[in-house]
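Visitor: A single structure is presented below for examination.
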Amino acid sequence: MPDRERQVTRAFVALADTLVDDYDVADLLHTLVVQCVELLDVAAAGLTLADERGGLQVLASSTEQARLLELFQLDIDEGPCVECFTTSTPVLVADIAAAAARWPRFAAEAARDGFASVHAVPMRLRRQTVGALNLFGHSPGELSADDVALAQGLADTATIGILHERAFRQGELLSEQLQTALNSRVIIEQAKGVLAVSGQLSMDAAFTALRGYARRNNRRLSDVARALADRDLAPTVVLAPSTVSRPR
């Protein structure tokens, strides 16, 4: 089997491994954005999900830079992520600068952050779209048709994990599950801040430490994050088992 096929297989297996009883939604979504960066010709990935009022929230990102750009476009209600969610169709932008008239503020901010291309695919199941998966590149360029199809396949797999059949049929349970995912992200951001300050780390390194501790101890990412935020778990305990690179 060619290396590419092995990588794709491993990506779907990694996503499937999270789809067990009482699975960790936060870990599932982070696995998705990491796999996108590893498999596709992109520099970063982010994921947004709709809350119970229909507003988009950032749920996962492969880098802090991508997270901030996602937050920016949601704040100004402008950009490919917003358009992808609204139309429920992929939005593929090979050159952000060339689309400046379409999204002037987003294009300017993306350029400042060093991103030159962006591709967004919907997070959807049947007729329901719950968010968008966003892929950022440092250089202008199109995604191949195969890569777009792969990105959509990964997004669809994760969406099924979020909206499993039972939740999809029962509106109250669906709303509860989406809200749980959104609440988990808030706690995780708080925990990242605690670790970043305690260990003098970047936010990316803080998240790596947080996720590593959760996996080594077979605990849910959101549970570890809540324990840190509530001061039931010391930052030094989370940081101690692994070597974490510090910014110079």
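Every read-out reported here was derived from the displayed coordinates using simple, explicitly stated rules and does not represent laboratory data. Since this is a predicted model, take the numbers as computed values, not measurements. Neighbour counts are summed over all protein chains in view; Cβ atoms, including those assigned to glycine, are modelled from backbone coordinates with ideal geometry.
Visitor: Using amide H atoms built 1.01 Å from N in the peptide plane, name the residues 5+ places from Leu59, or on other chains, whose amide H lies under 5 Å from its own.
Guide: It is Leu47, Thr48, Leu49, by chain and number.
Visitor: Show me the GluC sites (Glu not before Pro) within region 52-159 that DSSP assigns to loop and that have at most 12 other Cβ atoms within 10 Å of their Cβ.
Guide: Those that pass, being in a loop and sparsely packed, are Glu52.
Visitor: In region 109-155, what trypsin sites (Lys or Arg not before Pro) fall in a loop by DSSP, with at most 14 other Cβ atoms inside 10 Å?
Guide: Arg126, Arg127
Visitor: Also, quick follow-up: Which value in nm describes the separation of the simple spin-label points at Arg102 and Ser144, placed 7 Å from the Cα toward the beta carbon?
Guide: With each label point 7 Å from Cα toward Cβ, the separation is 2.3 nm.
Visitor: Turning to a different aspect of this structure: Would you mind counting up the charge near Ala94? Only other residues with Cβ under 15 Å from its Cβ, with Lys and Arg at +1 and Asp and Glu at -1.
Guide: With Lys, Arg at +1 and Asp, Glu at -1, the net is -3.
Visitor: Give me the dipole magnitude in Debye, nearest 20, for region 19-145 about the Cα centre, with unit charges on the beta carbon: positive for Lys and Arg, negative for Asp and Glu.
Guide: 440 debye
Visitor: Which distance in nm do the two modelled labels at Asp113 and Glu38 give, with both placed 7 Å along the Cα-to-Cβ direction?
Guide: 2.3 nm
Visitor: Efficiency by 1/(1 + (r/R0)^6): what FRET value for Glu189 and Asp230, r their Cβ-Cβ distance, R0 = 22 Å, to the nearest 0.05?
Guide: With R0 = 22 Å, the Cβ-Cβ based efficiency is 0.95.
Visitor: Oh, and also: Using 7 Å Cα-to-Cβ label points, what is the Asp156/Glu52 separation (nm, one decimal)?
Guide: 3.1 nm
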